[in-house]
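Engineer: Below you will find the structure I want to go over with you.
The values are calculated or read from the model by the stated rules, or taken from the named source; none is laboratory data. Not measured: the values here are computed from a predicted model. Glycine also receives a Cβ, built like all others from the backbone with ideal geometry; neighbour counts cover every protein chain displayed.
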Amino acid sequence: MIPRPAVLVPGPGSFTLRPGTPVTADPGLERLAARVRDLLPAGAGPEGAGPTAAGSGGAGPTAAGPASAGPASAGPGGEIRLRVVAGLPPEGYVLDVDATGIDIRGGSPAGVHHGVQTLRQLLPAGTLRRAPIVRGPQPVPAVHIEDAPRFRWRGVLLDVARHFMPVADVLRFVDLAAFHKLNVLHLHLTDDQGWRVEVPGRPRLTTVGAWRPRTMLGSRIHDRYDDRPHGGHYSPGDLREIVAYAADRHVTVVPEIDMPGHMQAAIASYPELGNGFAGGVRTSWGISPHVLNVSDEALDFCREVLDHVVAIFPGELIGIGGDECPAGEWDTPAARSRIASAGLAGPHELQTWFTARIAEHLAGHGRRIYGWDEILAGGAPAGATIAAWRGAEPAVLAARAGHDVVSCPDTSVYLDYRQSDDPGEPTPVGTLLTLADVYAFDPVPPGLSDAEAGRIIGAQANVWTEHLESARRVDYQTYPRLCAFAEAVWGPPARDHADFTARLGPHLARLDALGVNYRPLSGPRPWDARPDAPGHPRDLADRLAEVHEMTADLRR
């Protein structure tokens, strides 16, 4: 099983699942019970003709309705019971299988959900397919499992700004994450290369900002383009569907509207938000020098967008980015006037001032900001949660400053980075990040006191999509490395890679059943290569030196 349960004790005998096995559930677990019924084997007659595997990569919820005693034609002996009980950790669960049935008890509905994901892994991989192929009685081995996660933030970032992903593909991405007991989807919705959120009263954000005339092929050092328009955006209904679908699987969606940098798509839509730039949506990768100005009009624009976002996303944290914002354009009369009126020392303090204003506005909605570790420079607002991506040092500094921290160092958990030195790897970029490297990741950096370590609330793996133009390519870069990450953030620090590898073999059959285009353990297939989109591999030592230089402002 992946992630590996904390306690697993095999028992004697088994319980036999039949097409009519009853499923009973506590109030509030009805939809989960419906998905459990869809795991039952198909029968030979009409009774077995209908079930499909919910949560197995489909584009939407499956059977709904109350979870009570199951079908009237229930088979003989035993039942599946889903219960919320006191005394367990909120996301913890206990799963018992014996001759009398299957009992899943959770400390909350989320805990029961995690127990059901474990049950799905106890069943044949064929039960995960969208149509029933497992027929007739199916024995489930007797077992006692006790389990709970180490971290409360077990996340994955999906970048839909660089390459737009249709709603159905996002829902499938959520399903796969939830299957591995991840519970946060960080949705990167805007960037220089595309704006993906429809905002009332701002039509040009999607008629202009959501499209680019061409896309860079491979690393930017090669300066190649495909000359094919790319675009797309989400309506409010689309985003509400994603939020509701994820919540039904106990995944919180954290939206990110990157500001004040990575805003070229917005500035192309409304040039008055910029500092004199009059060009279009960025077509190349890398950091744009074109950032928001610091006028009242630009601040009002950000508030307007965030008001819309908080009306859709109910979570407490709202991502505001804050990364990679060059201050070169903040040498204008308007910027100098703002520096003087705010009593700042120069352009380098404008981003800190800007972030504080945004944090104040979100606080009025009862929300807190979630930002990349660059917002630590000059002092991040109180209550900010920090995504520490430039190595381990920002996580240490943020924790010591009293912030909650999500560890996501690029050299450990950036899944767009290359997986091997095989020349067949598609668009190999970044430092080498193997399956074993991801499995060895520990979100808590060394050198922290117990209190400081307690501020590391978890970690997330980041799936940036500059070079991932389709769901198929996202699959290849993400799995099975996300399986390794899921175990690293669920279980204890001490892990056995050989044991994980042994369990991963059978788990790949589940990914096959779920239709995942994962990277084979043997290496890339001939058709995985992208000779038209060459990469730019990096040396780890060079990258670490670069990161150390990048974070010098945090050490001052």
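Engineer: Hey, can you tell me all the residues within the stretch 475-501 that are surrounded by 19 or more Cβ atoms within 10 Å (Cβ to Cβ) and among the charged types (D, E, K, R)?
Structural biologist: ASP475, ARG481, GLU487, listed by residue number.
Engineer: Would you point out the residue of the stretch 190-207, among those that are part of a helix (DSSP H, G or I) and of a type in the set (Val, Ile, Thr), that is surrounded by the fewest Cβ atoms within 10 Å (Cβ to Cβ)? Explain how you work it out, then say what you get.
Structural biologist: In the first step, residues of the stretch 190-207 are kept if they are part of a helix (DSSP H, G or I); the result is 204-207.
From the residues that got through so far, the ones that are of a type in the set (Val, Ile, Thr) too are 206-207.
On the way: THR206: 21, THR207: 12.
By that ranking, first place goes to THR207.
Engineer: I need the full set of residues from the stretch 423-438 which are within 14 Å of VAL413 (Cβ to Cβ) and either modelled with pLDDT under 95 or among the β-branched types (Val, Ile, Thr) (or both), in order please. Walk me through it before giving the result.
Structural biologist: Applying the first criterion (within 14 Å of VAL413 (Cβ to Cβ)) to the stretch 423-438 yields 430-438.
Once the filter is applied, which keeps residues that are within 14 Å of VAL413 (Cβ to Cβ) and either modelled with pLDDT under 95 or among the β-branched types (Val, Ile, Thr) (or both), the stretch 423-438 yields THR431, THR434, VAL438.
Engineer: From ASP542, ASP528, ASP512, ASP499, grab the single residue that is closer than 22 Å to ASP416 by Cα, in contact with a Lys or Arg (Cβ under 8 Å, 6 or more places away or on another chain) and among the acidic types (Asp, Glu).
Structural biologist: Numbers: ASP542 fails: in contact with a Lys or Arg (Cβ under 8 Å, 6 or more places away or on another chain); ASP512 fails: in contact with a Lys or Arg (Cβ under 8 Å, 6 or more places away or on another chain); ASP499 fails: closer than 22 Å to ASP416 by Cα.
Matching residue, one of ASP542, ASP528, ASP512, ASP499: ASP528.
Engineer: If a residue must be in contact (Cβ under 8 Å) with a residue 60 or more places away in the chain and not in a loop (DSSP other than H, G, I, E, B), how many such residues does the stretch 208-246 contain?
Structural biologist: Counting residues in the stretch 208-246 that are in contact (Cβ under 8 Å) with a residue 60 or more places away in the chain and not in a loop (DSSP other than H, G, I, E, B) gives 18.
Engineer: So, one more: Restricting to the stretch 389-419, give me the number of residues that are closer than 16 Å to VAL184 by Cα, of a type outside the set (Ser, Thr, Tyr) and buried (at least 24 other Cβ atoms within 10 Å of the Cβ).
Structural biologist: Going through the stretch 389-419 one residue at a time, the tally reaches 4.
Engineer: Take the stretch 314-324 and flag every residue that is under 11 Å from ARG367 (Cα atoms) and surrounded by fewer than 21 Cβ atoms within 10 Å (Cβ to Cβ). Before the answer, list the steps.
Structural biologist: First, the residues of the stretch 314-324 that are under 11 Å from ARG367 (Cα atoms): 314-319.
Passing the criteria: PRO314, GLY315, GLU316.
Engineer: Which ones in the stretch 460-474 are surrounded by fewer than 23 Cβ atoms within 10 Å (Cβ to Cβ) and in a helix (DSSP H, G or I)?
Structural biologist: Result: ALA471, ARG472, ARG473.
Engineer: Can you find a residue that is surrounded by 21 or more Cβ atoms within 10 Å (Cβ to Cβ), in a strand (DSSP E or B) and of a type in the set (Lys, Arg) anywhere in the stretch 248-265?
Structural biologist: no
Engineer: Related question: Within the stretch 406-430, can you find the residues that are within 21 Å of the chain's Cα centre (by Cα) and over 19 Å from ALA552 (Cα atoms)? Explain how you work it out, then say what you get.
Structural biologist: Pass one, the stretch 406-430, residues within 21 Å of the chain's Cα centre (by Cα): 406-419, 429-430.
The answer is VAL406, SER412, VAL413, TYR414, LEU415, ASP416, TYR417, ARG418, GLN419, VAL429, GLY430.
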